Amino acid sequence: MSKKTIYIAGLGLIGSSLALGIRRDHPDYRIIGYNRGEKSRLIALEKGFVDEATDNFASFAEQADVIILAVPIEQTIDFIKELAQLPLKSTVLVTDAGSTKLAICQAAEAYLGPVGVNFIGGHPMAGSHKSGIQARDRNLFEKAYYILTPGDNPRLQERISELEELLVGTRAKFLTMTAQEHDQITGSLSHFPHVVAALLVNQAQQLNESHPRSKQLAAGGFRDITRIASSDPKMWTDILLSNRPILMSLIRQWQTEMDDIYQWLEEA
Ligand code: NAD
């Protein structure tokens, strides 16, 4: 495959780990990066996993063969809208890394679809409670599922292998599904458990005020819950708000089941 220019917007945990993964198997590709903060741009340049860096998102977009949006969900949608206004290469492929897919894919269909820009939603399902470029890890996605949501446009189906080939150095396992199915599954297995973990940690903090030794006694399992709940609150607000209907239904279901247990205890 000929030398490509890959544009990664957002040099945080996910964007910089993806850049490192791409570099591993495509050392000849030109990787260019956007980051609003200077510090991460300088680190990425100094460590050599981007060749050039900018704080002006639009300025590099026209050069790209592939654009990877690795910023918070709301910002991803804003960048999709902005890309629709820019004179991009006719063959450009745009993807993202957002933890929810439906809102992003709907925005891509609404804004990029009409201008003929190909978009495939992406979610590398590995991460960390740490964020930012300092937490980058070339092996972050190794053996992790990397979900792709191309939608049902046959042209996009054809471009999946192109994206997988680009990302082969992440060593992730690629899986294709609809954005709806992705959000339902991650809502149940990741987003909702996160809400429960946060509530359990709040409850434990209250317990700790009246029983200071409880912190010391919290076993390994509870520390895992604490770790889940300590992830970036801004990112989680973004995730919960972009998966609202599914989360609201899961919360209702949980309430009903909790009520059943309450009643069973009351009547015992
Ligand atoms: P991060 O905080 O490490 O990095 C976010 C990046 O976005 C930074 O470069 C930051 O400068 C930039 N950014 C933030 N707000 C911005 C704004 N308003 N305008 C322009 N740039 C902005 O976060 P991350 O973990 O790399 O998350 C990036 C994306 O990946 C998110 O959409 C997230 O849902 C998704 N994701 C995260 C994880 C995880 O566990 N952290 C896992 C999979 C996918």
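The values are calculated or read from the model by the stated rules, or taken from the named source; none is laboratory data. The model shown is predicted, which means the values in this text are computed figures rather than measured ones. Neighbour counts are summed over all protein chains in view; Cβ atoms, including those assigned to glycine, are modelled from backbone coordinates with ideal geometry. Just the protein is used for accessible areas: all its heavy atoms, side chains included, with ligands, DNA and RNA removed. Shrake-Rupley method; radii C 1.70, N 1.55, O 1.52, S 1.80 Å.
Against the condition open to solvent by 10 Å² or more (accessible area, probe 1.4 Å), farther than 14 Å from V71 by Cβ, within 14 Å of the ligand (Cβ to nearest atom) and of a type outside the set (S, T, Y), how does L13 come out, does it pass? If you could, list the steps in order and put the result at the bottom.
Details: open to solvent by 10 Å² or more (accessible area, probe 1.4 Å): yes; farther than 14 Å from V71 by Cβ: no; within 14 Å of the ligand (Cβ to nearest atom): yes; of a type outside the set (S, T, Y): yes.
In short, no.
Need a quick list: helices (runs of 4 or more DSSP H) entirely within region 192-250 having at least 2 residues that are polar (S, T, N, Q). Don't jump to the end; show me each part of the working.
Numbers: elements: 192-210, 213-217, 220-229, 233-241.
Of the helices (runs of 4 or more DSSP H) lying wholly inside region 192-250, those with at least 2 residues that are polar (S, T, N, Q) span 192-210, 213-217.
Meeting the requirement of 3 or more residues that are among the small types (G, A, S), in contact (Cβ under 8 Å) with a residue 60 or more places away in the chain and near the ligand (Cβ under 10 Å from one of its atoms), no helices (runs of 4 or more DSSP H) wholly within region 70-179 can be named.
Scanning region 202-245 for residues that are open to solvent by 80 Å² or more (accessible area, probe 1.4 Å) and in contact with a His (Cβ under 8 Å, 6 or more places away or on another chain) yields a total of 1. A108 fulfils the conditions (1) surrounded by 15 or more Cβ atoms within 10 Å (Cβ to Cβ); (2) under 15 Å from the mean Cα position of the chain (by Cα) except for a single criterion, (2).
Give the number of residues within region 23-34 that are buried (at least 18 other Cβ atoms within 10 Å of the Cβ) and either of a type in the set (D, E) or more than 15 Å from the ligand (Cβ to nearest atom) (or both). First the steps, then the outcome.
Step one: of region 23-34, the residues buried (at least 18 other Cβ atoms within 10 Å of the Cβ) are 23, 26, 29, 31-34.
Subsequent filtering for residues that are either of a type in the set (D, E) or more than 15 Å from the ligand (Cβ to nearest atom) (or both) retains 23, 26, 29.
So the answer is 3.
Annotation: V195 fulfils all but one of (1) among the hydrophobic types (A, V, I, L, M, F, W, C); (2) in contact with a helix residue (DSSP H, G or I) (Cβ under 6 Å, 6 or more places away or on another chain); (3) open to solvent by less than 70 Å² (accessible area, probe 1.4 Å); the unmet one is (2). With respect to being more than 20 Å from K130 (Cβ to Cβ), part of a strand (DSSP E or B), open to solvent by 20 Å² or more (accessible area, probe 1.4 Å) and modelled with pLDDT of 95 or more, A53 fits the description. Does T176 satisfy being modelled with pLDDT of 95 or more, under 24 Å from Q106 (Cβ atoms), of a type outside the set (A, V, I, L, M) and surrounded by 19 or more Cβ atoms within 10 Å (Cβ to Cβ)? No; evaluated as a whole, the condition is false for this residue. Can we say A61 is among the small types (G, A, S), more than 12 Å from the ligand (Cβ to nearest atom), buried (at least 20 other Cβ atoms within 10 Å of the Cβ) and touching a residue at least 40 places away in the same chain (Cβ under 8 Å)? So A61 passes the test.
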